[in-house]
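Notes to accompany the following structure.
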């Protein structure tokens with residue numbers, strides 16, 4: 001005997017979504033590119049060494065001082081230069097600070113993408129479970145109406161009811177089959193969404209686990225969101241970037257001092273030369289460009305601060321909406337549970353009365369339809385409430401692999417950053433970078 005395959009859990013779906021997300025891969029690559037911007041900025045503090053090699057052949061045919069000169073000359077020259085920025089009044093320091101803050105902001109953007117990926121997986125898992133339950137409900141309804149139709153046909157044959165009652169049952173059966181086909185189509189759509197979210201079609205799904213804890217009050221949740229939500233933290237880093245951009249614009253108006261060293265040698269007359277010196281340069285007039293850039297940075301600083309405030313407003317609104325929906329779905333579950341109890345009692349009573357001739361086939365079918373609608377409404381309310389809990393968690397900024405304790409290796413943003421932040425140029429770091437790239441390639 002072969003053992004039945006283990007059911008796929010929600011944790012399995014979340015793990016698959018994290019590991020197979022191309023969106024996460026894309027944004028991780030964007031983060032690595034931002035890491036390299038720090039290395040680019042740091043390189044400005046180091047010397048730039050370059051060389052030039054010239055090969056040339058010249059031909060001469062002239063007369064000077066009564067002497068005729070004719071012939072060609074092959075010349076080779078080699079020059080080596082070194083340039084080092086000595087002092088730039090904080091320009092490079094501001095560029096490095098901007099690059100570092102950009103890395104931090106991009107990391108928070110990556111956390112936001114992680115939340116979106118996991119929330120999509122939760123929604124897809126719940127949608128498949130709900131669609132399967134609705135299909136089962138519709139199948140049960142088809143079987144029940146089929147039995148009602150057979151009973152109506154038997155009663156018609158003995159003259160207890162008219163042909164109209166049989167036709168009503170036939171119409172309801174056709175409608176029930178149409179609803180079943182629609183439910184099966186919804187399940188197919190849900191399966192496609194599941195594949196898009198996790199990378200594979202769902203197998204046998206396990207029951208939903210208990211919902212994660214989100215706190216008792218919205219005030220507690222709001223306090224957490226203000227501290228941890230990636231969108232707010234990203235906006236805070238954008239404000240710091242804007243502040244450093246103002247410093248950079250101010251420093252760009254000041255002079256810079258650099259050191260230059262050059263060595264050259266040519267085969268013509270075996271000439272060798274070497275030069276070294278300091279150079280100070282400053283733009284005195286650029287048609288108003290530097291002043292415009294400074295004013296632009298001030299405007300961007302004001303815009304970044306306003307964007308932070310607006311982000312806080314949006315996060316509070318999203319959290320309030322999610323919390324309200326959670327309460328609505330909870331109330332809906334209670335209401336539909338009471339509705340099911342009443343509809344079940346009514347259906348049992350109507351069916352019993354119909355067997356005694358006190359109710360028509362239409363009465364039975366109507367009572368059965370109300371019971372079906374109540375059961376479907378409760379399934380939808382339970383599914384919506386379950387997803388709403390994760391939406392609240394996302395609005396708090398806590399819908400991450402680490403917070404959910406999925407127990408899987410996650411992308412380490414420090415690994416690549418630590419390897420490149422000092423702008424390594426030698427091959428001694430090559431193997432380490434290759435190992436990191438192989439690891440993040442998953």
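A compact table of results
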{"item": "Checklist (1) closer than 30 Å to residue 108 by Cβ; (2) touching a helix residue (DSSP H, G or I) at 6+ places or on another chain (Cβ under 6 Å); (3) modelled with pLDDT under 90; (4) not in a helix (DSSP H, G or I) applied to residue 359, failing item", "result": "(1)"}
{"item": "Breaking point among (1) within 30 Å of residue 271 (Cβ to Cβ); (2) loosely packed, with under 14 Cβ neighbours inside 10 Å, for residue 29", "result": "(1)"}
{"item": "Matching residues in the range 166-206 - criterion: being without any contact (Cβ under 8 Å) to a residue 60 or more places away in the chain, part of a loop (DSSP other than H, G, I, E, B) and under 17 Å from residue 136 (Cβ atoms)", "result": "none"}
{"item": "Criterion (loosely packed, with under 11 Cβ neighbours inside 10 Å, at negative phi and either modelled with pLDDT of 90 or more or not in a strand (DSSP E or B) (or both)) met by exactly one of 242, 276, 249", "result": "276"}
{"item": "Filter result for residue 152 (in a helix (DSSP H, G or I) and either modelled with pLDDT under 90 or crowded, with 20+ Cβ neighbours inside 10 Å (or both))", "result": "yes"}
{"item": "Close pairs (7 angstrom Cβ cut-off, 6 or more residues apart or separate chains): under 14 Å from residue 260 (Cβ atoms) in the range 270-287, surrounded by fewer than 10 Cβ atoms within 10 Å (Cβ to Cβ) anywhere", "result": "none"}
{"item": "Restricting the range 347-361 to residues that are surrounded by 16 or more Cβ atoms within 10 Å (Cβ to Cβ) and touching a residue at least 24 places away in the same chain (Cβ under 8 Å), the residue that is nearest to the chain's Cα centre (by Cα)", "result": "347"}
{"item": "Pair list, Cβ < 8 Å and 6+ apart or interchain, from the range 377-404 residues that are in contact (Cβ under 8 Å) with a residue 60 or more places away in the chain and on the phi > 0 side of the Ramachandran plot to residues that are outside any helix (DSSP H, G or I) and buried (at least 22 other Cβ atoms within 10 Å of the Cβ)", "result": "397/229"}
{"item": "Single unsatisfied condition, residue 160 versus (1) farther than 30 Å from residue 196 by Cα; (2) touching a helix residue (DSSP H, G or I) at 6+ places or on another chain (Cβ under 6 Å); (3) touching a residue at least 40 places away in the same chain (Cβ under 8 Å)", "result": "(2)"}
{"item": "Residue within the range 68-89 that is in a loop (DSSP other than H, G, I, E, B), in contact with a helix residue (DSSP H, G or I) (Cβ under 8 Å, 6 or more places away or on another chain), surrounded by 13 or more Cβ atoms within 10 Å (Cβ to Cβ) and touching a residue at least 60 places away in the same chain (Cβ under 8 Å) present", "result": "yes"}
{"item": "Candidate set: the range 213-225, residues that are touching a helix residue (DSSP H, G or I) at 6+ places or on another chain (Cβ under 6 Å) and assigned to a loop (DSSP other than H, G, I, E, B); chosen: the one nearest to residue 14 (Cα to Cα)", "result": "214"}
{"item": "Residue check for residue 314: without any contact (Cβ under 8 Å) to a residue 24 or more places away in the chain, within 21 Å of residue 238 (Cβ to Cβ) and surrounded by fewer than 16 Cβ atoms within 10 Å (Cβ to Cβ)", "result": "no"}
{"item": "Subset of the range 243-274 [within 22 Å of residue 46 (Cβ to Cβ) and more than 54 Å from the chain's Cα centre (by Cα)]", "result": "274"}
{"item": "Some residue of the range 332-343 being in contact (Cβ under 8 Å) with a residue 60 or more places away in the chain, over 30 Å from residue 160 (Cα atoms) and surrounded by 13 or more Cβ atoms within 10 Å (Cβ to Cβ)", "result": "no"}
{"item": "Number of positions in the range 11-55 that are assigned to a loop (DSSP other than H, G, I, E, B) and within 30 Å of residue 278 (Cβ to Cβ)", "result": "4"}
{"item": "Near pairs, Cβ below 7 angstrom, 6+ apart or cross-chain, from the range 210-233 (without any contact (Cβ under 8 Å) to a residue 24 or more places away in the chain) to any residue that is part of a loop (DSSP other than H, G, I, E, B) and buried (at least 16 other Cβ atoms within 10 Å of the Cβ)", "result": "none"}
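The values are calculated or read from the model by the stated rules, or taken from the named source; none is laboratory data. A quick note: this is a predicted structure, and the numbers were derived from the prediction, not measured. Every residue, glycine among them, receives a Cβ derived from its backbone with ideal geometry; neighbour counts consider all protein chains shown.
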